[in-house]
């Protein structure tokens, strides 16, 4: 993997990644000339015991621009710069211009004094451009590109996680207008948090307790059970699996994971990474094949916290939450889900898994592993 | 408050409530003749450490019927029974025909044996019809009707909470197609859970810790702060308040609460209840007045668990989450909110509160308290 680090005219960072060497003469464009002045702040939610971040300037963010103004496509006209340059690169990562979390700059507005504790919204929000091709989708990319993406996520996690103000790194993708996507060019995001956020914190605590009680990881135990049961498996390779979990909270929920626990992307071996890419691609192609149309989803990748502690209880994996419950109907999160955190499903995971198992997908045999 | 308990032809319960005596000759109709055979089950989610409920028969539930098939309107033609009878009653409560949680019946299907623990989905799901008028809305109802509703919620909580299989009672309303509403007749729901669900469990734990450390409730302390600050207050009466909380996670989030902590609806005094109804009505009218159109929201009312323990840390209150962030745009819950549980706001609560403060509402002076 090759990497080129650049700085945009407005001070934001851009990193280009490629399987080939990258021309060091490439320059980082930006649609914005004035320096970024992010001054988000955190407020403490005393009833839930968690932080909420406030970034009022985000209201001006880009919203479903026409294709000719796609900020994630390579710049072709220097008079109309986008976020990424033309040239030979495979994946680009840059600082979000509208971050909910950002490294506090010297001289930036201090957080307001309020009736609850406040703090600067430290951390980082990055945009990950999956490909130069605006019309592609993550699942349609070559396996080698997906493997590179897993490497990129590992590189970002290692770099962001090394910062003392960052405790947790979450790569995710929102796909489809149904989940609020504002740009259609294939891309994801990385949020690097100043604390371990509530959902990973809860999962870490549960996993740590399981580890203490059983001497093994809770996800490793579940994967063993899913493989033995078999009914909900969508992919089973030498190093990675994908399945509708027995405890799915969304009708078409799928988890993707290496079989052997690793703490994060950076700890994946080459063979594991290749098989994990194949597992992911299988799921995404099944999704799009199910109704022969692009299938929206939210995909979050969970890793160990970057708090400098060992986390043998952690097990890298993705959880994918599609918003549809049938071809025509969305699953709304309402009273019981949002108000109580208690999920109610009107579909059985076994039935939804069967639908996805029946979707045939073709994946290339890899001839040139990276 | 008067009450009449009835049984529907399919075995479900119907309770009618009124400020006036109710004709005991009223009979309970049902659109369904065959007995309810609810056999939902719970599955343990080992990574999150919580239960999920599965009720596959819910896929057949009523979805946005035309007005002439409104199941929540009084029955006018015995050949086409609805869920409620014609006659003089103010509020009706009946067992949901498509429950996610239900009292396990003798002889019902046992939960399946799976690779995670399972259990019968004990509990209860009730529908609360707020009025006989299909075209009304909760905020447009007379104050006396809202006061009666608070009494009804108290009565339901006391009755459901007394059951040994029920640990938590959550009254809520989903309003608007934006939050997945499938029937427009003004109504809410009550979920009675066999466990304290994750969100209330977290809030109880945080509140109990605050209580031990400070000898007072965390919400009572916050209300004192909000009243002193004043900028986010929407209603301040002798016994109740409504405000955009300083830590709002949704742009137009509002909380409604009695000023003095009470554990639940059943513990409200008459004057508290009257003022709480006025606070709630004020908020709902401001919502509808803001853009001069019906304003969707999710409203959840939090009370103490019904586990038989004293809960001095509990403080009855409502949290209202509207899905809009501006007149035209929805706030989607995506990567950081759903994946991490870390909420990112692009609006300041002070600004949203100002918008709502500027909406003038007129509420009747109550001449005939119930």
*What's the average, rounded to a whole number, of partner chain beta-carbon atoms within 10 Å of each residue's beta-carbon in B:40-46?*
5
*Which value in nm describes the separation of the simple spin-label points at residue B:178 and residue A:80, placed 7 Å from the Cα toward the beta carbon?*
3.3
*Tell me, what is the FRET efficiency for residue A:119 and residue B:106 to the nearest 0.05, using R0 = 56 angstrom and their Cβ-Cβ distance as r?*
0.50
*Other chains near B:317-324: what is the mean number of their Cβ atoms within 10 Å of each residue's Cβ?*
1
*Any idea what the relative contact order of region B:199-357 is, in percent, if you count C-alpha pairs under 8 Å spaced at least 6 apart?*
29
*In nm, give the distance between the simple-model label positions of residue B:291 and residue B:25, each being 7 Å from the Cα along the Cα-to-Cβ direction.*
4.9
_Packing-based ranking, highest mean first, of A:283-289, A:225-231, B:273-279, A:210-216 given that Cβ atoms within 10 Å are counted_ = B:273-279, A:283-289, A:225-231, A:210-216
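Determine the relative contact order of region A:2-197: mean sequence separation of Cα pairs under 8 Å and six or more apart, normalised by residue count, in whole percent.
22
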*State, to one decimal in nm, how far the label point of residue B:136 lies from the label point of residue B:271, with both points 7 Å from Cα in the Cβ direction.*
2.8
_Contact order relative to length of chain B, as percent, for alpha carbon pairs under 8 angstrom and 6 or more apart_ = 15
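Roughly how crowded by other chains is peptide B:208-221, in terms of the mean Cβ count from those chains within 10 Å of each of its Cβ atoms? Can you show the working numbers first?
Working: counts 0, 1, 3, 0, 0, 0, 0, 0, 0, 1, 3, 2, 0, 3.
Partner Cβ neighbours, averaged per residue: 1.
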*Find how many whole Å separate the alpha carbon centroid of region B:1-51 from the alpha carbon centroid of region B:96-144.*
8
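Here, each number is a calculation from the coordinates, and none is a lab measurement. Every value quoted in this text rests on a predicted model; they were computed, and no experiment measured them. Because the Cβ atoms are built from the backbone with ideal geometry, glycine has one as well, and the counts that use them run over all protein chains shown.
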